[in-house]
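Report on one structure; see the data block that follows.
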């Protein structure tokens with residue numbers, strides 16, 4: 001048997017002498033702990049405050065399963081910001097949890113190297129009809145059989161109401177009770193490891209949600225009122241008192257990896273983190289992981305960073321990440337989206353010129369914008385050079401929850417784009433040395449949309465619905481009020497229900513055909529490509545014209561050639577790529593060269609001299 005506990009300075013800590021409670025609230029005085037034993041009556045207890053702003057109390061008769069809350073001098077009663085579980089939602093009391101009660105079975109698990117990753121992003125609430133950790137657990141075998149090697153769970157931090165994407169979380173240490181208990185989540189991770197699947201967790205360290213965040217009431221020091229973000233005052237990562245704030249998030253990262261055995265984290269929108277410290281919070285988290293759980297197993301840190309800061313993906317002399325293991329590659333997505341759909345609104349305008357060529361550059365070099373001016377951003381330069389990074393520093397995909405869910409009707413790319421080009425682009429991504437990622441349902445071309453949904457209180461719910469419709473009013477398709485009225489209400493239960501995957505589709509045409517094709521591509525990737533990805537450094541090269549793209553990469557002992565016809569007409573390549581065919585569809589060799597129908601993809605592996 002194996003127990004896992006992450007020790008931290010705040011929250012409720014169970015030990016042989018009862019439970020220690022600790023809250024950091026420097027501006028508050030006279031804080032009370034309201035303790036309710038399981039099946040008993042609530043009682044209030046004064047907490048002792050020290051010079052550093054900590055309020056502490058040890059209750060010898062407190063036990064796991066008890067409820068507790070903090071009461072401020074003005075009468076506000078609030079949950080613990082570091083609660084491990086909050087079963088009565090974000091306004092209710094917290095529950096004492098003893099993490100040592102769960103017995104882990106994955107004692108031999110040491111993780112998987114990053115170059116083996118094929119990631120599957122999923123939302124627990126809509127991945128299955130039941131929307132629970134247990135129901136997700138029951139589907140893992142199908143993902144492993146397909147060739148998925150890592151699942152990435154969208155944020156789980158407790159959010160207001162019964163449904164949410166997760167990016168409105170306010171209790172960073174408490175998995176939302178609508179999905180199940182902390183032990184249910186641990187069982188999900190345990191089962192994934194038994195199948196050889198890594199599990200990554202999406203965490204949000206750039207803001208808290210708009211409802212249920214009591215930190216503003218108890219601890220204004222947690223925020224920097226002078227720094228504004230789209231979500232209000234920025235989190236205080238670099239001002240007075242920031243050491244404790246930084247510790248809160250460093251401990252949160254360690255907590256998920258140590259106590260829940262996650263194999264890594266995906267850090268949401270780090271470009272929105274205001275941190276001018278000499279050591280960015282991302283780097284500090286990496287160092288804490290390296291000094292702790294990463295000494296015994298593989299731990300990965302994936303970034304979302306619209307600023308394309310290649311410096312946060314740098315490798316040391318041994319080829320190991322100094323901060324981020326990899327970054328979501330939105331540049332590649334945007335080029336594919338323009339290529340397949342023809343849409344050029346908003347940020348897609350930056351990718352409208354030669355989308356096929358830009359896609360090729362993204363495959364070869366990772367970022368498209370490496371310091372060039374962005375018209376969408378008013379001519380401001382965006383990004384840093386990325387050609388020194390290994391291809392596995394980029395997580396690439398045709399869509400994510402963001403690009404699907406931020407559409408008015410949540411349409412997926414296979415419902416919008418040219419099917420020939422969507423199919424070809426998917427093959428290119430899966431046959432590239434990037435780390436590929438699916439958004440749940442991609443593998444069988446799911447017909448269900450993924451809409452924006454939430455469950456706020458009445459006043460905020462109305463503002464969110466009106467604001468979303470007003471936002472789309474900027475687009476010609478939604479210029480009139482009747483068109484905007486058709487946009488689903490994010491707070492309606494049916495909006496959430498419509499976003500659930502329909503698993504029965506997997507066995508029906510044409511969904512089954514897509515599933516079989518994905519399995520074929522992943523089989524080729526794992527057997528023939530992955531063995532040559534370890535230790536690869538530096539970018540590939542690219543070229544092409546009229547939609548015919550050529551990309552090649554130097555791998556470990558092999559050179560990978562990728563040829564794809566993304567143009568409007570059939571094409572011919574008179575110098576067909578050398579090497580053993582890794583995968584070929586729509587390409588036929590004859591005396592004139594390699595004849596490529598529209599949407600053809602041809603990949604070969606060539607031995608390198610000395611390889």
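The values are calculated or read from the model by the stated rules, or taken from the named source; none is laboratory data. Everything numeric in this text was worked out from a predicted model, so none of it was measured. With ideal geometry, Cβ positions are generated from the backbone for all residues, glycine too; neighbour counts draw on all protein chains shown.
Only one of (1) touching a strand residue (DSSP E or B) at 6+ places or on another chain (Cβ under 7 Å); (2) outside any strand (DSSP E or B); (3) closer than 30 Å to residue 326 by Cβ is not met by residue 534, so which one is it?
Condition not satisfied by residue 534: (1).
Exactly one condition in (1) in contact (Cβ under 8 Å) with a residue 60 or more places away in the chain; (2) out of contact with any strand residue (DSSP E or B) (no Cβ under 8 Å at 6 or more places or on another chain); (3) in a loop (DSSP other than H, G, I, E, B) is not met by residue 344; state its number.
Just one mismatch for residue 344, condition (1).
I need a count of the residues in the range 307-341 that are in a loop (DSSP other than H, G, I, E, B) and either in contact (Cβ under 8 Å) with a residue 40 or more places away in the chain or buried (at least 24 other Cβ atoms within 10 Å of the Cβ) (or both). Can you show your working first?
First, pick out the residues of the range 307-341 that are in a loop (DSSP other than H, G, I, E, B): 307-309, 314, 316-320, 322-325, 329.
Those left that are additionally either in contact (Cβ under 8 Å) with a residue 40 or more places away in the chain or buried (at least 24 other Cβ atoms within 10 Å of the Cβ) (or both): 307-309, 314, 319, 323-325, 329.
Residues meeting the conditions: 9.
With the structure loaded, tell me whether residue 301 is touching a helix residue (DSSP H, G or I) at 6+ places or on another chain (Cβ under 9 Å), on the phi < 0 side of the Ramachandran plot and in a strand (DSSP E or B) or whether it fails that test.
Yes, satisfied.
Of 355, 349, 375, which residue is crowded, with 23+ Cβ neighbours inside 10 Å and over 24 Å from the mean Cα position of the chain (by Cα)? Talk me through it step by step, then tell me what you get.
Working: 349 fails: crowded, with 23+ Cβ neighbours inside 10 Å; 375 fails: crowded, with 23+ Cβ neighbours inside 10 Å.
That would be 355, the only listed residue that is crowded, with 23+ Cβ neighbours inside 10 Å and over 24 Å from the mean Cα position of the chain (by Cα).
Since residue 577 meets every condition but one in (1) at pLDDT below 95; (2) assigned to a strand (DSSP E or B); (3) buried (at least 17 other Cβ atoms within 10 Å of the Cβ), which condition does it not meet?
(2)
If residue 568 satisfies every condition in (1) at pLDDT 95 or above; (2) farther than 30 Å from residue 148 by Cα; (3) within 28 Å of the chain's Cα centre (by Cα) but one, which is the exception?
(3)
Can you tell me which of 243, 274, 266 is crowded, with 22+ Cβ neighbours inside 10 Å and out of contact with any helix residue (DSSP H, G or I) (no Cβ under 9 Å at 6 or more places or on another chain)?
Values: 243 fails: crowded, with 22+ Cβ neighbours inside 10 Å; 274 fails: crowded, with 22+ Cβ neighbours inside 10 Å.
Exactly one of 243, 274, 266 is crowded, with 22+ Cβ neighbours inside 10 Å and out of contact with any helix residue (DSSP H, G or I) (no Cβ under 9 Å at 6 or more places or on another chain), namely 266.
Pick out, from the range 465-527, the helices (runs of 4 or more DSSP H) lying fully within it that include 2 or more residues that are in contact with a helix residue (DSSP H, G or I) (Cβ under 8 Å, 6 or more places away or on another chain) and under 30 Å from residue 150 (Cα atoms). Give the steps one after another, and end with the answer.
Details: elements: 481-485, 493-498, 511-524.
Once the helices (runs of 4 or more DSSP H) in the range 465-527 are filtered for at least 2 residues that are in contact with a helix residue (DSSP H, G or I) (Cβ under 8 Å, 6 or more places away or on another chain) and under 30 Å from residue 150 (Cα atoms), what remains is 511-524.
Could you list, in sequence order, all residues of the range 84-112 that are within 30 Å of residue 532 (Cβ to Cβ) and touching a strand residue (DSSP E or B) at 6+ places or on another chain (Cβ under 9 Å)? Talk me through it step by step, then tell me what you get.
Of the residues in the range 84-112, the ones within 30 Å of residue 532 (Cβ to Cβ) are 106, 108-112.
If the condition is that a residue be within 30 Å of residue 532 (Cβ to Cβ) and touching a strand residue (DSSP E or B) at 6+ places or on another chain (Cβ under 9 Å), then 111, 112 are the ones that fit.
How many residues, within the range 132-185, are within 21 Å of residue 4 (Cβ to Cβ) and without any contact (Cβ under 8 Å) to a residue 40 or more places away in the chain?
Residues meeting the conditions: 1.
Out of (1) under 22 Å from residue 476 (Cα atoms); (2) touching a strand residue (DSSP E or B) at 6+ places or on another chain (Cβ under 8 Å); (3) not in a helix (DSSP H, G or I), what's the single condition that is false for residue 373?
(1)
Among the listed residues 158, 168, identify the single one that is buried (at least 23 other Cβ atoms within 10 Å of the Cβ) and in contact with a strand residue (DSSP E or B) (Cβ under 6 Å, 6 or more places away or on another chain).
Numbers: 168 fails: in contact with a strand residue (DSSP E or B) (Cβ under 6 Å, 6 or more places away or on another chain).
Matching residue, one of 158, 168: 158.
Only residues that are crowded, with 22+ Cβ neighbours inside 10 Å and assigned to a helix (DSSP H, G or I): list them for the range 402-413, please. Step through it out loud before you land on a result.
If we filter the range 402-413 for residues that are crowded, with 22+ Cβ neighbours inside 10 Å, which is where we start, we get 404, 412-413.
404, 413 - these are the residues of the range 402-413 that are crowded, with 22+ Cβ neighbours inside 10 Å and assigned to a helix (DSSP H, G or I).
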